[in-house]
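Chemist: This is the structure I want to talk about, given as structure tokens.
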Amino acid sequence: MKKLTKSELKKIKIGLPDIKRQLCCDGEFYKIVCVSVFDKWLSEEECEQIYTKDNAVIEDWRKRLEKAIVELYNLTDTYLWRNKRHGRITFYKPSSIKHLLKVCDISNQTWRSGQRYDILLPEYSAFYAEEWDWTNLILYKDPEKIKPLLDTLQKAGLHILPNNEE
């Protein structure tokens, strides 16, 4: 793992204020947009049907999520993070798209998996996070800055879900 330069660390600090508190404390420092393989929020009955999908459908969902990660990697500089001892958070840059995909482990993602990765996108003051039930999150500061991210994710086959509060 290559150590980040001072300019890369500065880019993260400026582009993603409060990122360490958001990651470690699960605070509400960022707004959230949900992106999913589904084109709408699912009802309880529809959620139960997820568990009975055949492998071809699940592989399609995985391919779309993997394509989204590849597109984000190609769009901008991406960074990852990890916890070190004593609650310290360190940031690092994936060495390649292969490395990033290995960390995200999409090929083993199921509806049960969640919160295994966060891809930091400081240029857009946002990060892309795995959540649950084939739905991921974009956590962001500025809604204008994330428009290219949302377009990229839609081109990859994901859907932007409406805010539950609307």
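Readers should treat all values here as calculations from the given coordinates under stated rules, not as data from a laboratory. Only a predicted model underlies this, so the values are computations on that prediction, with no experimental measurement involved. Here the Cβ is made from the backbone with ideal geometry for all residues, glycine too, and neighbour counts use every protein chain on show.
Chemist: Just 134, 61, 41 to compare: in a GNM of the chain, with alpha carbon springs under 10 Å, which one fluctuates most?
Modeler: Judging by the Gaussian network model, the answer is 41.
Chemist: Could you grab the relative contact order for segment 72-156? Cα pairs under 8 Å, six or more apart, rounded to a whole percent. Walk me through the intermediate numbers first.
Modeler: Numbers: 108 pairs, mean separation 19.5, N = 85.
Here the relative contact order equals 23 percent.
Chemist: Could you tell me the calculated FRET efficiency between residue 10 and residue 55, based on Cβ-Cβ distance and R0 = 35 angstrom, to the nearest 0.05? Please list the in-between numbers first.
Modeler: Numbers: r = 45 Å, r/R0 = 1.29.
Efficiency, from the Cβ-Cβ distance: 0.20.
Chemist: How big is the gap, in Å, between the Cα center of segment 1-36 and the Cα center of segment 73-141?
Modeler: The two parts, judged by their Cα centres, are 11 Å apart.
Chemist: Below 8 Å between Cα atoms, with a sequence gap of 6+, how large is the relative contact order for the chain in percent? Present the calculation step by step, with values, prior to reporting the outcome.
Modeler: On the way: 228 pairs, mean separation 57.0, N = 166.
Reported relative contact order: 34 percent.
Chemist: Label-point separation (nm) for residue 40 and residue 76, each offset 7 Å from Cα along Cα-to-Cβ?
Modeler: So the label points at residue 40 and residue 76 sit 3.1 nm apart.
Chemist: What does the helix-only formula give at 222 nm for the chain: each DSSP H stretch with n ≥ 4 adding -39500 (n - 2.57), the total divided by the residues, and the result rounded to the nearest 500 deg cm²/dmol? Display every interim value, and only then the final one.
Modeler: On the way: 6 runs with 62 residues, N = 166.
It lands at -11000 deg cm²/dmol.
Chemist: If each of residue 88 and residue 155 carries a label point 7 Å out from its Cα toward its Cβ, how far apart are those two points in nm?
Modeler: Taking the two extended label points, one gets 3.9 nm.
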